[in-house]
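Here the structure is laid out as structure tokens; the discussion comes afterwards.
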Amino acid sequence: MKPWEANIRKVVPYVPGDQPKGSHLVKLNTNENPYPPTPGVSAALKEMDYDLFRKYPDPASSVLVDALSEYYKVDRDEIFVGVGSDDVIAMAFMTFFNSDKPVLFPDISYSFYPVWAELFGVPYEKPALDENFKIVKEEYYRENGGIIFPNPNAPTGLYMPLSEVEDIVSHNQDSVVIVDEAYIDFGGTSALKLTRKYENLLVVQTFSKSRSMAGMRIGYAIGNPALIRALNDVKYSYNSYTMNMPSQILGAKAVEDRAYFQDTVEKIIHTREQAKLRLHELGFTFPESMANFIFASHETARAKDIYEALRQNSIFVRYFNQPRIDNYLRITIGTDEEMEALYCFLKEYL
Ligand SMILES: *Cc1c(COP(=O)(O)O)cnc(C)c1O
């Protein structure tokens, strides 16, 4: 080994889902929204002033913070925005998880959490989900240096009622508890209503799933102003100009059209409930999903084989080769047409 090699930081990176190229494929592998963003977003994009490209963006992302403040009826100093919720959560790890005690997150959950913990040198423990993939709230009553979990959980899709989320937050008032609500708009009740009751609670959401803007990279956190100030201090110490101006402007536009948003989310929920019936008929079982995906296992066919066969036919779903979940497929809810293509192939294949 060369001397300089000894000083290289070794990390096992997070592996994002494939972004295959081509037009005739059915892409159900990264939980993107199959519908376009609001008409207001495309109109604003057409009118965009290219002088924005020349100048540095507003480091405080004021237009977007103002729009979120209006939408969620919270003050501007209760909102932090970042380049996707991945950026927000990475900042939160750096800002809040600096204890010698372990940070807690579920053993089966968003696979980025252990990657950030390793990257930032944060000790962690992974309390196991129960045999039905449910988060066991009592597992989070032990000593810890912070807590993070998604609700609904990923990749299971299981939703934890707000009363149980509150139990976890209230039992841990000496730690920061982060609820990652990437999928909350697809049917759950947000913990946002608790952020003024618990100063240790940070709720993180994203424009990537329910708002059809994964490519624009917009995420945000809402919580007590002291938490938000701390996040901003770390952000400004790391990279002040994180979010580009088009994302700020188009993100602000996206929250204006509530009717379109409601409509899109309802279409996806409807397709998801259909998918539960259809997949069940085809011999799949799955936890009750409240997200825009279903985590399914087949009674006889192996998940890996189904995954490969689908791929051969340009239908992409997500497969995780990990303990406890290596016989499951995570299937994003697409349009009704895309889902029909999936059922049609599965019927033949199985
Ligand atoms: C998709 C997802 C995110 C990250 O989304 P961004 O595109 O970075 O906003 C965070 N947490 C969970 C659980 C997710 O599924």
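Any read-out appearing in this document is the output of simple, stated calculations on the displayed coordinates, not a laboratory observation. Source: prediction; values computed, not measured. For neighbour counting, all protein chains shown are included, and Cβ atoms are generated from backbone atoms with ideal geometry for every residue, glycine included.
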Q) Can you put 206, 95, 300 in order, fewest other beta carbons within 10 Å first? A) 300, 95, 206
Q.
Given an 8 Å cut-off on Cα distances and at least 6 residues of separation, report the relative contact order of region 48-257 as a percent.
A. 29
Q) Say we join alpha carbon atoms closer than 10 Å with springs in a Gaussian network model of the chain; which of 304, 235, 27 then has the biggest fluctuation? A) 304
(Q) As a footprinting exposure proxy, order 247, 297, 42, 289 by other Cβ within 10 Å, with the fewest listed first. (A) 42, 297, 247, 289
Q.
For a quick check: sort 26, 103, 136, 234 by the number of other beta carbons within 10 angstrom, fewest at the front.
A. 136, 234, 26, 103
Q: Take residue 263, project a point 7 Å from its Cα along the Cβ direction, then tell me which residues of region 334-349 have their backbone nitrogen under 15 Å from it.
A: none
Q) What are the lysines whose alpha-carbon lies under 29 Å from the alpha-carbon of residue 2, with same-chain residues fewer than 8 places away excluded? A) 10
(Q) Shape verdict for region 48-257, please, from the Cα gyration tensor: rounded (a/c under 1.5), prolate (a/b greater than b/c) or oblate. (A) prolate
Q) Please state the relative contact order of the chain as a whole percent: Cα pairs under 8 Å, 6+ residues apart? A) 24
